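Have a look at the structure below, then the notes.
The values are calculated or read from the model by the stated rules, or taken from the named source; none is laboratory data. It should be emphasised that the depicted structure is a prediction, and the values quoted were computed from it without experimental measurement. We place every Cβ from the backbone using ideal geometry, glycine too, and count neighbours over all the protein chains shown.
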Amino acid sequence: MEQTMDLKNKDNTPLLEINFGPQHPSTHGVFRMTVQLEGEKICGLKPVFGYLHRNHEQIAENLPYAAIMPYTDRLDYVNALANNFSYAITIEKLAGLDVPERAEYIRIIMAELARIVNHITVIGFMLNDLGAFFTPLLYAFRERERILDLFEEVTGSRLMNNYFRFGGVKRDLTDANLAAIRKIVTRFPAFLEEFENLLTKNEILCMRCQNIGILSAETATNAGITGPVLRASGVNYDIRKVDSYSIYNRFDFKIPLGQRGDVYDRYYVRILEIRESLKILDQALVRIPQGEIMNKKALPFLKMPRNFKPPVGEAYGRVESPKGELGFYVVSDGTPQPWRYHVRAPSLINLTVLEEMCLGQKIADAIIILGSIDIVLGETDR
Amino acid sequence: MTVFGWGVFKGMLVTLKNFATSYFRKPDEGGIFTVQYPEEREKTIENFRNFPFLVYDETPEKIRCVACGICERECPPKCIHIEMETDTAGKPARRPAVFDIDYGLCMNCGMCEEVCPFDSIFMDHAFEVTAVPISTNLNKTVLDQKKTKVSAERAEGLVRHKEKLLKSNEYFREIRPALASAIDQKRKAAEEKKRAIPPLRHNASDGPVLGRESTGGQAQPSATQEPK
């Protein structure tokens, strides 16, 4: 960085190197990128991570398995339930625990609600980056608030839910909760309609987003990109279908795909995904059975978390989090603490193609490209 | 196909409609939903959890906590510190002498509430928590140990001692009626069971216990509670 003035391009014109972030409102946290500019054009970009490093993995390796659950909330704090889901699935794989039918349905209902929350939040903030200052974001937050109120009622907390347990969930959904979810689901399409009227065909949005930050399907698959960013590039890969973890194979839903892989597709795929999530919720609310919410074998460990010792072995569990493939890799040595604990965070891996997408674009567009990837620094830096 | 600018116009209509109808609609349906916070308050949801507090039954002396230390051990960020009280003979008295929770460390996960076998620690609804002035929070000895005032404030500002953490069962019933009544019933049933058992035991082991009746009588009921 000391050599800023020496940077030159082929025609011997000097390049400008600027630091973008870490304290910049549009970097979605403490993310920093070093951008090399030729006029307004980006000709080099280096993401710099680590400002929010909290030693998550090492902390987890010194904690009993159950005590890690609240820490996973803090990874991707926009939708903590997806993190809970992935971690619970991993440990259930490791310990060979089954989940009762009703708990599976509750898990899927909560995870899909979290997906809706995440997607409308992302779209709102992306439009903030575009300059649609807070109007779409507040429309989105108005709806989000209803879901978060429900989360508070069911899990006890709006964001840091800490709701899933190994072999079930912490608290049952009452009939009143189910009625509230039904109300949210029936009202949501009207909001989406309004939201789309405001945005989807908006010429300013189209001009700012279309053909910006194109990510080809080939680059995306080679870089290991997952989630809506990959699907916007036209690759049909959704872990809910591919892996069909939990009971996702019982639901009828489609995988929306983009065509060009630009920012606009990433926005639109998310809108369509919300519609598919509503479809899943519709089906789950009809079919949810009565019954247990915790596996009987796992019940004593709620009171005695330190007695929970999975057999020696390793497990990798993954879910389709709203941001991509969220996986946990846990190695057990038979003690109450994991021997190795690793998080495969979609935000971090999706960021690796940022330079690819930004090259040749204007500096103002880098911000929306970053916004369209949907990163959360809690998960990136861990 | 369509006129350029039609999308923007439609979007404007949406914002105009939202602006106009916000004055007529109910807050729940898209109306003005701002709550003028310090004056107005939303109703707190029963399951809402914030920092933990300790429940006592009738008087603050009748504390439910027996200082078993399970919450201290299971707390993920290790924000609880407990020391058991000892009587004059040096025997553990099954009550906490020190019970500190550092609210600055606590992450509101609710593990302590979940693991407590004596239904004594629960998550509070009080969210307006600030660092209390050190003069009220600190006792003199701790204050003397600290070198400067600033470091004392930092170290002790959000630590809550036993006296501050203790709250009555009535308060608990007020903030979480469903859970509190369920726990009251459970405790009542356990007490009745306990009352039914001791005479039988006394008959069975009459001789050996007689000499140290007071300590034996205290230890027994809690021993029957533990294996839950």
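Residue by residue through segment B:72-92, note down the ones that are of a type outside the set (Asp, Glu) and surrounded by fewer than 19 Cβ atoms within 10 Å (Cβ to Cβ). Selection gives B:Arg73, B:Pro77, B:Lys78, B:His81, B:Met84, B:Thr86, B:Thr88, B:Ala89, B:Gly90, B:Lys91, B:Pro92. Against the numbered list (1) modelled with pLDDT of 90 or more; (2) within 14 Å of another protein chain (Cβ to nearest Cβ), A:Ser277 comes up short only at (2). Taking A:Leu281 and the conditions (1) over 18 Å from A:Pro322 (Cβ atoms); (2) in a helix (DSSP H, G or I), which numbered condition does it fall short on, given that it satisfies the others? (1) is the only condition that A:Leu281 fails. Which is in a loop (DSSP other than H, G, I, E, B), more than 13 Å from chain B (Cβ to nearest Cβ), in contact (Cβ under 8 Å) with a residue 60 or more places away in the chain and touching a helix residue (DSSP H, G or I) at 6+ places or on another chain (Cβ under 9 Å), of A:Val78, A:Val35? Sole residue among the options that is in a loop (DSSP other than H, G, I, E, B), more than 13 Å from chain B (Cβ to nearest Cβ), in contact (Cβ under 8 Å) with a residue 60 or more places away in the chain and touching a helix residue (DSSP H, G or I) at 6+ places or on another chain (Cβ under 9 Å): A:Val78.
Within segment B:170-184, residues that are under 19 Å from B:Thr59 (Cβ atoms) have Cβ atoms under 9 Å from residues that are aromatic (Phe, Trp, Tyr) and outside any helix (DSSP H, G or I) in these pairs: B:Tyr171/B:Phe53; B:Phe172/B:Phe53; B:Phe172/B:Phe122; B:Ala180/B:Phe122; B:Ile183/B:Phe122, counting only partners at least 6 apart in sequence or on another chain. Taking the condition of being within 8 Å of another protein chain (Cβ to nearest Cβ) and either out of contact with any Lys or Arg (no Cβ under 7 Å at 6 or more places or on another chain) or closer than 23 Å to A:Thr34 by Cβ (or both), how many residues in segment A:47-67 meet it? The qualifying residues number 3. Annotation note: of B:Gly31, B:Gly7, B:Gly69, the sole residue that is on the phi > 0 side of the Ramachandran plot and surrounded by 10 or more Cβ atoms within 10 Å (Cβ to Cβ) is B:Gly69.
To keep it simple, each residue is scored yes or no on (1) in contact (Cβ under 8 Å) with a residue 60 or more places away in the chain; (2) within 30 Å of A:Asp175 (Cα to Cα); (3) touching an Asp or Glu at 6+ places or on another chain (Cβ under 7 Å).
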site: A:Ile288; (1), (2), (3): yes, yes, no
site: A:Ala298; (1), (2), (3): yes, yes, no
site: A:His342; (1), (2), (3): yes, no, yes
site: A:Gly371; (1), (2), (3): yes, no, yes
site: A:Thr380; (1), (2), (3): yes, no, no
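What number of residues in segment A:176-198 are among the hydrophobic types (A, V, I, L, M, F, W, C), under 23 Å from A:Tyr268 (Cβ atoms) and touching a helix residue (DSSP H, G or I) at 6+ places or on another chain (Cβ under 8 Å)? Spell out the reasoning first.
The first filter runs over segment A:176-198 and keeps only residues among the hydrophobic types (A, V, I, L, M, F, W, C), leaving A:176, A:178-181, A:184-185, A:188, A:190-192, A:195, A:198.
Among the residues that remain, those that are also under 23 Å from A:Tyr268 (Cβ atoms) are: A:184-185, A:188, A:190-192, A:195, A:198.
Subsequent filtering for residues that are touching a helix residue (DSSP H, G or I) at 6+ places or on another chain (Cβ under 8 Å) retains A:184-185, A:188, A:191-192, A:195, A:198.
So the answer is 7.
Name every residue in segment B:59-72 that is part of a loop (DSSP other than H, G, I, E, B) and free of Cβ contacts under 8 Å to residues at least 12 places away in the same chain, in order of residue number. Within segment B:59-72, B:Thr59, B:Glu61, B:Lys62 meet the criteria.
For segment A:62-75, the tally of residues that are in contact with a helix residue (DSSP H, G or I) (Cβ under 9 Å, 6 or more places away or on another chain) and over 16 Å from A:Gly378 (Cβ atoms) stands at 5. Listed here are the helices (runs of 4 or more DSSP H) enclosed by segment A:154-273 that have at least 2 residues being surrounded by fewer than 19 Cβ atoms within 10 Å (Cβ to Cβ): A:175-199, A:203-209, A:217-223, A:239-242. Within segment A:258-280, identify whether any single residue is touching a residue at least 24 places away in the same chain (Cβ under 8 Å) and in contact with a strand residue (DSSP E or B) (Cβ under 9 Å, 6 or more places away or on another chain), and answer yes or no. No - not one qualifying residue is present in segment A:258-280.
Out of the residues in segment B:48-72 that are of a type in the set (Val, Ile, Thr) and away from chain A (no Cβ under 14 Å), which is farthest from A:Thr155 (Cα to Cα)? Per the stated criteria, the residue is B:Thr59.
If you go through segment A:91-98 one residue at a time, do you hit one that is within 14 Å of another protein chain (Cβ to nearest Cβ) and either under 30 Å from A:Glu143 (Cβ atoms) or of a type in the set (Lys, Arg) (or both)? No, every residue in segment A:91-98 fails to be within 14 Å of another protein chain (Cβ to nearest Cβ) and either under 30 Å from A:Glu143 (Cβ atoms) or of a type in the set (Lys, Arg) (or both).
Say whether the condition of being on the phi < 0 side of the Ramachandran plot and away from every other protein chain (no Cβ under 14 Å) is met by at least one residue in segment B:104-118. Checked against the condition, which is being on the phi < 0 side of the Ramachandran plot and away from every other protein chain (no Cβ under 14 Å), segment B:104-118 yields at least one hit. Just checking, does segment B:73-85 include any residue being part of a helix (DSSP H, G or I) and within 12 Å of chain A (Cβ to nearest Cβ)? Yes, that holds for at least one residue.
Restricting attention to segment B:7-43 and to residues that are polar (S, T, N, Q) and at the interface with chain A (Cβ under 9 Å from one of its Cβ atoms), the residue that is farthest from B:Ile80 (Cα to Cα) turns out to be B:Thr15.
With respect to A:Ala82, is the statement that it is in the same structural domain as A:Ala366 (by TED's automatic domain parsing), over 30 Å from A:Glu194 (Cβ atoms) and of a type in the set (Gly, Ala, Ser) true? The answer is no for A:Ala82.
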